[in-house]
Every structure is written in C-alpha cells, then in structure tokens.
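As structure tokens, the structure follows; a few thoughts come after it.
The values are calculated or read from the model by the stated rules, or taken from the named source; none is laboratory data. Because the structure is a prediction, the values reported are computed rather than measured. Here the Cβ is made from the backbone with ideal geometry for all residues, glycine too, and neighbour counts use every protein chain on show. For the accessible areas, the whole protein counts, side chains as well, though only heavy atoms, and no ligand, DNA or RNA atoms are used. Shrake-Rupley method; radii C 1.70, N 1.55, O 1.52, S 1.80 Å.
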Amino acid sequence: MRILVTGGAGFIGAHLVRRLLAKEHNHVVNLDALRYSGNLENLTDVAGHPRYRFVHGDICESRTVEKALKEHGLEAVINCAAETHVDRSILDPNSFARTDVIGTAVLLEEARKAGVARFLQVSTDEVYGSVETGWSKEDDAIAPRSPYSASKAGADLLAQSYWTTFGFPVLITRGSNTYGPNQYPEKFIPLCITNALDDQPLPLYGDGRYRRDWLSVFDHCGAIEHVLRHGAPGSIYNIGGGNERENLTVAETILKYLGKPMSLIRFVQDRPGHDRRYAVDCSRLPTLGWAPTVPFEEGLRATVDWYRNHEAWWRKIKSGEFRSYYERMYQQRLKDGTGCAS
Ligand code: TYD
C-alpha cells in the first residue's frame, strides 16, 4: 500500500512510519510541518529507505496535501499530525483548533478528491471526557473538556461526517495515554524520567490520584496498522493498554527504576479542568483480531532505559524551546509545591 502518514516526525507518527516500512508491500510518505515536537532525528534510521519519502509541509495547506497525494499516488492516509498536549492547549487554544480541526478538514477533503481508499484518523480517548466510573464505548456520546480534546472531537465529527455524507472510507482510532521512546518530554512519563535523571522534582498535579490507562507506543502503532487493514469503514476503534494507574504510582515506579528518592515528588497546583480519569472499553478491537502485548511495568522499564541511553536526544530538546515553556508552566508551581509524604 502507498500510505501518507501525516505528523510522521512526531512521537507516534515516527514509530508508525518505521513499523509500516518494515512490511515490504508498503511505501510511506511522511508529511510533517516540523513544529516544536516534530523531529527528524526520530527517523534517522529510515531516512534513506528506498520506500520512504519525507515532505516538509502543513496539513492545513490544501495545495501541499493535494500535491503530496497526487505525486506519490497515495492510496491511504493515516492522520497523526496534531497538537496534542493539554497544557499547551490551555496556553494557546487556537493553534489546536487550526491544526487538529482545520488540518483534518483539509486532509479529508483532499483525500476524498484524490480517491484515497482508506483514511484513518488517529484520535484519543480524551474525546469522551472525564470518566469517573466505568469504561467509554465507541458509541458513547463524546464530551471533551479541554481545548485539546475538543479540537480532536471536532476532527472526529468531521471524519464521521465524510463517511455518512460521502461514503468516504474513514476509520477512527481512539488510543489511550501512550508512552515509549522518543516522546517529547512535555508529557508526564518522559517529563518524570528526564527530571528524575537530573535529580529535579517530579511535578504531580493536584493530589496525584488522577488515573490514566497507559498504552505502549508499539501496541498503539500495531493497533493502528491493524485497523487500517482490517477495520470496517465508518467505524471507531478504542485502543487501550489495560494498564490503569494513578499518576502517583507511575511517578513512584519511575523513581524506583532509577534508584532515585521519593522525595523528588512534588504536589503542585492542578491543571485547570483536569480530567480525573480516562478509561476505554476495548472489546471491539479484539473482534478484528488484535490485543495489546506490552505489560506496563515492562514497557515503562524499557522506556526508562531508552531515556537513560539517549541523553543527547532529550537534552537537545530540553535546552531549546522547551525551556521557556517549562519555566512558564512549572516555575511558580514548583516554588509553591509540597513534597511527597511517602
Ligand atoms: P499528560 O501526559 O499531559 O497526558 P493527558 O493529560 O493528555 O492525559 O498527563 C498525564 C497525567 O499526568 C494527567 O493526569 C496530568 C498529569 N500530569 C502531572 O501530574 N504533572 C505534569 O507535569 C504533567 C505534564 C502531567
């Protein structure tokens, strides 16, 4: 298959590009705007691959998308391009509406015009909103609560409308919190690992008892690939790891793996509108013959090792644009924060 992966220089996108290239029948074009979290260093091992092409461009620009689809005769689109960090969506909501909503709208329309055979929208379990009890099913009403999740929900609705209105073969995956190598260190797990490696405090929002279901990026990409091949057009598929944990437990496990003291944990001012819990019902995906394979503690340990062994990768990021973001987000919080009792 000739596949366009958008946002292929990002965290999930880069793992997906590599995975798709490992199958001999796939040709992959990566369209990425290379904004702050897009990083071609995530793909140095496949940069010269004969079945891979990189196109520098923005999914919001129709002509760029049209040209990429036509020039490379692409048959499928996987849309990984997105602004994804909730905290940044609180600081700058409009950039989320632009990339996540407008970008998806442009991509859908150009893909439809080009007669693309499969369009997979990579979405998130956050569109269901905070789920205090139970598990969100694919047909549940969506109830996003942050500018990030609202933008992703907008994109999902547009994608569904293309199936209903035009019969355009759209698939939607809603993955849970993903972790693994190459994740930009603004996200909770890589932030905790890299801070701990530097003996810096680990900031836990609120009481640290918020819950997420952690999904290995390898499982997440495996599921996306599986849905692209076997999913029923017009359908939504939840992807969970089956690893629901409190944030505090995750931070403690990281410190334990690194042999660092629990006193590095700081409870800091909460995120506004912080969703208490995400949890997805994942019974639909196994009907297609897919299930996650990476146990959380194993995947987390491997991720900790990856960051330990790839200091140059994350230090370069942490010394750049990230630094002013970090100060804006955490300086006051950490000053006012309190230590961990355990
Ligand atoms: P995050 O990685 O931002 O993913 P999301 O908010 O999309 O689930 O955060 C995961 C959890 O960790 C979430 O409950 C917020 C919390 N968190 C902290 O406690 N401190 C932090 O510094 C960050 C970035 C997140």
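Applying the condition of being surrounded by 22 or more Cβ atoms within 10 Å (Cβ to Cβ) and among the aliphatic types (A, V, I, L, M) to the stretch 117-139 and asking which residue is nearest to the ligand (Cβ to nearest atom) yields VAL127. Sub-6 Å Cβ pairs linking a first residue in the stretch 228-257 that is over 30 Å from PHE119 (Cα atoms) to a second residue that is open to solvent by 50 Å² or more (accessible area, probe 1.4 Å) and of a type outside the set (Phe, Trp, Tyr), at least 6 apart or interchain, are GLU246/ARG209; GLU246/ARG211; LEU255/MET262; TYR257/ARG301, ordered by first then second residue.
Would a scan of the stretch 267-283 turn up a residue that is in a helix (DSSP H, G or I) and touching a residue at least 24 places away in the same chain (Cβ under 8 Å)? Within the stretch 267-283 (the criterion being in a helix (DSSP H, G or I) and touching a residue at least 24 places away in the same chain (Cβ under 8 Å)), the answer is no, since none of the residues qualifies. Looking only at residues in the stretch 197-254 that are among the hydroxyl-bearing types (Ser, Thr, Tyr) and in a strand (DSSP E or B), the one that is farthest from the ligand (Cβ to nearest atom) is TYR237. Taking the condition among the acidic types (Asp, Glu), within 15 Å of the ligand (Cβ to nearest atom) and open to solvent by less than 10 Å² (accessible area, probe 1.4 Å), does ASP100 pass? Taking the combined requirement at face value, the residue satisfies it. Within the stretch 262-283, the only residue that satisfies the criterion of being within 10 Å of the ligand (Cβ to nearest atom) and of a type in the set (Ser, Thr, Tyr) is TYR278. Pairing each residue of the stretch 312-329 that is open to solvent by 40 Å² or more (accessible area, probe 1.4 Å) and of a type outside the set (D, E, K, R) with any residue that is at pLDDT 95 or above and assigned to a helix (DSSP H, G or I), provided the two are 6+ apart or on different chains, yields C-beta distances under 8 Å for TYR326/LYS318. Per the listing GLU252, GLU225, the residue uniquely over 25 Å from TYR326 (Cα atoms), open to solvent by 10 Å² or more (accessible area, probe 1.4 Å) and in contact with a helix residue (DSSP H, G or I) (Cβ under 8 Å, 6 or more places away or on another chain) is GLU225. The residue of the stretch 171-196 that is nearest to the ligand (Cβ to nearest atom), among those that are of a type in the set (S, T, N, Q), at negative phi and under 13 Å from the mean Cα position of the chain (by Cα), is ASN177. Restricting attention to the stretch 284-301 and to residues that are touching a residue at least 60 places away in the same chain (Cβ under 8 Å) and part of a helix (DSSP H, G or I), the residue that is farthest from TYR257 (Cα to Cα) turns out to be LEU288. Flag not set for ASN94, criterion: out of contact with any His (no Cβ under 6 Å at 6 or more places or on another chain), farther than 19 Å from SER123 by Cα, among the polar types (S, T, N, Q) and surrounded by fewer than 23 Cβ atoms within 10 Å (Cβ to Cβ).
Within the stretch 38-51, is even one residue open to solvent by 40 Å² or more (accessible area, probe 1.4 Å), under 21 Å from the mean Cα position of the chain (by Cα) and without any contact (Cβ under 8 Å) to a residue 24 or more places away in the chain? Yes - at least one qualifying residue is present in the stretch 38-51.
What about VAL17, is it surrounded by fewer than 24 Cβ atoms within 10 Å (Cβ to Cβ) and under 23 Å from LEU108 (Cα atoms)? No, not satisfied.
Would a scan of the stretch 149-160 turn up a residue that is assigned to a loop (DSSP other than H, G, I, E, B), surrounded by 18 or more Cβ atoms within 10 Å (Cβ to Cβ), small (Gly, Ala, Ser) and within 16 Å of the ligand (Cβ to nearest atom)? No, the stretch 149-160 contains no residue that is assigned to a loop (DSSP other than H, G, I, E, B), surrounded by 18 or more Cβ atoms within 10 Å (Cβ to Cβ), small (Gly, Ala, Ser) and within 16 Å of the ligand (Cβ to nearest atom). Look at the stretch 79-94: where a residue is over 26 Å from GLU110 (Cα atoms) and a partner is small (Gly, Ala, Ser), sitting 6+ places away or on another chain with Cβ atoms under 6 Å, you get VAL86/SER146; SER89/SER146.
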